[in-house]
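What follows is a short report on a single structure.
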Amino acid sequence: MIQRSNPWLQQVDNFIQNNLSDSSLCISQIADSVYTSERQFYRRIKKLTGLTPNEYLKRKRLEKAQEKINRGYQSSVSNLASSVGYNRTDYFSKLYQSKYGKRPTELI
């Protein structure tokens, strides 16, 4: 359902990718980056992706972690978690396992 060819959504994705390691990255910052009010941003993301902005950001972070693991990421899980914006390794591992079925420690 995600409309990847949408130029506005591509701008959102670019901003997220450039700031992914920032654990304080919040929806208002992303909305500001595409010159949209926070309220309008929520509506537009939901319409284009079917996800809330927080769910969308979480998905992007987990996808990047999966991409790093697939490319042979060899560091620790805590370094992987912080590289995609999570301060708590246990929380990151739980999210990762719920999305991909395995803990990142099994794959690194």
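Values in this text are rule-based calculations from the coordinates and carry no lab data. These figures come from a predicted structure and were not determined experimentally. Heads up, the Cβs are rebuilt from the backbone with ideal geometry, glycines too, and the neighbour counts pull from every protein chain shown.
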Item to complete: Could you tell me whether residue 87 is loosely packed, with under 13 Cβ neighbours inside 10 Å and touching a residue at least 60 places away in the same chain (Cβ under 8 Å)?
Response: yes
Worksheet item: How about segment 14-47: which of its residues are polar (S, T, N, Q), surrounded by fewer than 13 Cβ atoms within 10 Å (Cβ to Cβ) and not in a helix (DSSP H, G or I)?
Response: 24, 37
Discussion item. Checking the conditions here, which among 98, 75 is at negative phi, more than 14 Å from the chain's Cα centre (by Cα), surrounded by fewer than 16 Cβ atoms within 10 Å (Cβ to Cβ) and not in a helix (DSSP H, G or I)?
Written reply: 75
Fill in: Yes/no for residue 79 being without any contact (Cβ under 8 Å) to a residue 12 or more places away in the chain and of a type outside the set (A, V, I, L, M, F, W, C)
yes
Worksheet, complete the sentence: Here the residues within segment 1-13 that are among the polar types (S, T, N, Q) and surrounded by fewer than 14 Cβ atoms within 10 Å (Cβ to Cβ) are 3, 5, 10
